[in-house]
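First, the structure itself, so that you have it in front of you.
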Amino acid sequence: LFARRRGRGFFEVSDLIAPCVPTGIVSVRLGNFINGELWGRPAPDDLPWAMVFPQAQDGGIARHPSQLYQAAGEGLLLFIVLWVYARQPRATGQISGVFMM
């Protein structure tokens, strides 16, 4: 509806929005980490970045901080890919297509 009211195509607007979405993804995953949600699998004892999440029901086993892995993979990496891709003029819908992949 926004695109139609502004006289723009859907993919014109989504091409502008797509590079901004990873910022929200990173924010949500950092919030999950701060709240101690969505922890990962038990980690080996010698893993230096393993975390003990107090909310976990397993009695304090060190776990992978999967929220940070997801923030890096889904957020930062996607932002870099879209930013590099969007720096040059592209056909309408290409940036949105890269985002969807």
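Kindly evaluate Arg90 against the criterion of being within 28 Å of Phe10 (Cβ to Cβ) and among the charged types (D, E, K, R). Give the derivation first.
Numbers: within 28 Å of Phe10 (Cβ to Cβ): yes; among the charged types (D, E, K, R): yes.
Taking the combined requirement at face value, the residue satisfies it.
Separate question: Between a residue in the range 45-73 that is in contact (Cβ under 8 Å) with a residue 40 or more places away in the chain and any residue that is among the β-branched types (Val, Ile, Thr), which pairs come within a Cβ distance under 6 Å, given they are 6 or more apart or on different chains?
Sorted first by the residue in the range 45-73, then by its partner, the pairs are Ala71/Val26.
If you check Ala56 against the conditions, is it under 24 Å from Thr92 (Cβ atoms) and hydrophobic (A, V, I, L, M, F, W, C)?
Working: under 24 Å from Thr92 (Cβ atoms): no; hydrophobic (A, V, I, L, M, F, W, C): yes.
Here the answer is no, as Ala56 does not meet what is asked.
I'd like to verify a number: residues in the range 43-59 that are outside any loop (DSSP other than H, G, I, E, B) and within 21 Å of the chain's Cα centre (by Cα), how many?
Here is the first cut: in the range 43-59, the residues outside any loop (DSSP other than H, G, I, E, B) are 51-52.
Retained after the next criterion (residues that are within 21 Å of the chain's Cα centre (by Cα)): 51.
Residues in the range 43-59 being outside any loop (DSSP other than H, G, I, E, B) and within 21 Å of the chain's Cα centre (by Cα): 1 in total.
How about the range 39-73: which of its residues are within 15 Å of Arg29 (Cβ to Cβ), of a type in the set (A, V, I, L, M) and in contact with a His (Cβ under 9 Å, 6 or more places away or on another chain)?
The answer is Met51, and nothing else.
From Gly40, Gly24, which residue is in a helix (DSSP H, G or I), within 13 Å of Ala71 (Cβ to Cβ) and small (Gly, Ala, Ser)?
Matching residue, one of Gly40, Gly24: Gly24.
I would also like to ask the following. Which ones in the range 8-21 are in contact (Cβ under 8 Å) with a residue 24 or more places away in the chain and either under 19 Å from Leu76 (Cα atoms) or in a helix (DSSP H, G or I) (or both)?
Taking the range 8-21 as the starting set, the residues that turn out to be in contact (Cβ under 8 Å) with a residue 24 or more places away in the chain are 9, 11-12, 14-15, 18-19, 21.
Within the range 8-21, Phe11, Glu12, Ser14, Asp15, Ala18, Pro19, Val21 meet the criteria.
Continuing with this model, one more query. Just checking, does the range 32-46 include any residue being of a type in the set (A, V, I, L, M, F, W, C) and in contact with an Asp or Glu (Cβ under 9 Å, 6 or more places away or on another chain)? Talk me through it step by step, then tell me what you get.
So in the range 32-46, the residues of a type in the set (A, V, I, L, M, F, W, C) come out as 33-34, 38-39, 43.
From what is left, the residues that are in contact with an Asp or Glu (Cβ under 9 Å, 6 or more places away or on another chain) are none.
Scanning the range 32-46 turns up no residue that is of a type in the set (A, V, I, L, M, F, W, C) and in contact with an Asp or Glu (Cβ under 9 Å, 6 or more places away or on another chain).
If we keep just the residues of the range 70-101 that are surrounded by 14 or more Cβ atoms within 10 Å (Cβ to Cβ) and of a type in the set (Phe, Trp, Tyr), which is nearest to Ala3 (Cα to Cα)?
Ranking the qualifying residues of the range 70-101, first place goes to Phe99.
Since every read-out is calculated from the coordinates, none of them should be taken as a lab result. Bear in mind that the values here come from a model prediction, so they are computed numbers and not experimental data. Counting neighbours? That spans all protein chains shown, and the Cβs are built from the backbone with ideal geometry, glycine included.
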